[in-house]
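Notes follow the structure.
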Amino acid sequence: MNYEELLASRNGATMKKDSMPFGALYKKMSGDSYSNVIDLRYELNDSMRFCEALKAESEQLGTVSDRHQLHFAVTTDSSGMNSVTVEKGSFNTFERMIEDKPAIVAGKRFVEQTMEVLFESVGNLNRQGIYHLCFAPANILVRKGDTTPLLLFHGSSYLLLNDQEALYGQYKDYVAPEVLEEGVANERSEVYSLGKFMEYLYHDSSIPFEYRPIMKKATQQDPQKRYKSPEAMQKAMKSNHALRSSLITGVAAVLLAVVCIGIYMELTPEAEEVEFVESAPKENFDDVMFTNEYDPSMELDAVKVDSSVTHVDEQQMKVYEAKAEQIFRKRYAKEAERILSKIYDNEHMNSSEKRFLSESSSVMEELTKKQIEMGSEAGLNDTKSQRIASEIIEKISNEKKAKLEQLGVQKEKEGVNKEKTTEE
């Protein structure tokens, strides 16, 4: 085997083609390095109008400055067939990346970050009068080892072609109906294709409920029923995600309140009425039996009544009780503020539900112990001290939850530990 045959054999062994709307992307040995080449489909190569549009787009992209835009050059071989050479780098299609690592879609904020990049890039292109039109996963590139979407060809450069369905081939489902039927495009056409791309990202999993109405509106057949621009679609996504996060926080707060009340009621001792019976005074019968003095009261079993009766001023007692309640409130509020601060902070409110409930139990035990201790010192009965303590705990808890309204106890699922969105 000579050197040329060796190179050809190596190229054939390492060449893995990725299908794209306009052709197939693969790596080709050029000197001592590889270059990214796209072999155009034969029917497109035979179209003079397409080849002219391709060269015009290559020149136009030279003036486009966007960090997510790739550039390319058109080359012609000895047989007159055109091909495209992409700028230096190691690239895969987005579709190939998902096929190789499908679990990457379930990563934290993967979908949101991917869509944010596309919204940013599309906004820059649209302001320059360029429309991508086909956000098929095979029409989006990524660098190896990275997940940031990169764009190459843009559909608005080929609107003069008569048959738009033939242009996009098997990826025509990602193109808006008005583009395929009438050859016209605008920002609403971009919205349609972005919605189809989101459907692809969730094709192996359930669509989050906050994104379902957005994707449904974005993929309407009638352009007037869609979002007017990708920017409007992005705002709707952020708004729905924030609403979902608020709902989760609210549910977590309600769950926490129910658990705390249950623990409090479980740990609070029930007041039981106890009847105390005083023992009868001991009498010295020996002295009575052998005394020479006669006491008529002993014979008649008369009862001696103390003539001095103590009258209690009810109004004065109310004043004392109010003062005792005031002292208890002040002391207990200070202790409750210190104890509740142990769980109402960034670390615990952003922790797992299991850990949060575990630490809440010990906090409630400490609060109950302080309530009984301080209530006894203030001279309050258990019922009144429990009522006052409940009011103080609820007030302080609501104040702390309001300060930490962006955080929430996170749910733990079997096999997967997901952190806190809304998100999705």
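On the given criteria, is residue 185 open to solvent by less than 20 Å² (accessible area, probe 1.4 Å) and over 22 Å from residue 105 (Cα atoms)? The answer is no for residue 185. Which of the residues spanning the stretch 98-119 are under 18 Å from the mean Cα position of the chain (by Cα), more than 11 Å from residue 204 (Cβ to Cβ), of a type outside the set (Ser, Thr, Tyr) and open to solvent by less than 80 Å² (accessible area, probe 1.4 Å)? Scanning the stretch 98-119 gives 104, 107, 110, 111, 112, 115, 116.
Taking residues in the stretch 198-212 that are farther than 21 Å from residue 147 by Cα and small (Gly, Ala, Ser), and partners anywhere that are part of a loop (DSSP other than H, G, I, E, B) and open to solvent by less than 60 Å² (accessible area, probe 1.4 Å), not one pair has Cβ atoms closer than 9 Å while being at least 6 places apart or on different chains. Inspect the stretch 15-27 for any residue being open to solvent by less than 50 Å² (accessible area, probe 1.4 Å), part of a loop (DSSP other than H, G, I, E, B) and under 23 Å from residue 163 (Cα atoms) and give the result as yes or no. For the stretch 15-27, residues open to solvent by less than 50 Å² (accessible area, probe 1.4 Å), part of a loop (DSSP other than H, G, I, E, B) and under 23 Å from residue 163 (Cα atoms): present.
Of the set (1) surrounded by fewer than 12 Cβ atoms within 10 Å (Cβ to Cβ); (2) touching a strand residue (DSSP E or B) at 6+ places or on another chain (Cβ under 9 Å), all apply to residue 63 but (2). Listed here are the helices (runs of 4 or more DSSP H) enclosed by the stretch 135-243 that have at least 1 residues being among the small types (Gly, Ala, Ser): 164-168, 187-201, 212-218. I'd like the residue in the stretch 381-424 that is of a type in the set (A, V, I, L, M, F, W, C) and modelled with pLDDT under 85 and, out of all such residues, is surrounded by the fewest Cβ atoms within 10 Å (Cβ to Cβ). Result: 416.
Considering only the stretch 79-93, I want to know if a residue exists there that is among the aliphatic types (A, V, I, L, M) and assigned to a helix (DSSP H, G or I). Scanning the stretch 79-93, I find no residue that is among the aliphatic types (A, V, I, L, M) and assigned to a helix (DSSP H, G or I), so the answer is no. Every condition in (1) in a loop (DSSP other than H, G, I, E, B); (2) under 23 Å from residue 234 (Cα atoms) holds for residue 125 except the one numbered (1). Can you find even one residue in the stretch 158-179 that is farther than 22 Å from residue 63 by Cβ, open to solvent by 50 Å² or more (accessible area, probe 1.4 Å) and touching a Gly at 6+ places or on another chain (Cβ under 9 Å)? Taking every residue of the stretch 158-179 in turn, at least one turns out to be farther than 22 Å from residue 63 by Cβ, open to solvent by 50 Å² or more (accessible area, probe 1.4 Å) and touching a Gly at 6+ places or on another chain (Cβ under 9 Å). Residue count for the stretch 28-59, restricted to those that are of a type in the set (Gly, Ala, Ser) and either assigned to a strand (DSSP E or B) or open to solvent by 50 Å² or more (accessible area, probe 1.4 Å) (or both): 5.
The values are calculated or read from the model by the stated rules, or taken from the named source; none is laboratory data. Quantities reported herein were computed from a predicted structural model and do not represent experimental measurements. Here the Cβ is made from the backbone with ideal geometry for all residues, glycine too, and neighbour counts use every protein chain on show. What goes into the accessible areas is simple: the full protein's heavy atoms, side chains included, and nothing from ligands, DNA or RNA. Shrake-Rupley method; radii C 1.70, N 1.55, O 1.52, S 1.80 Å.
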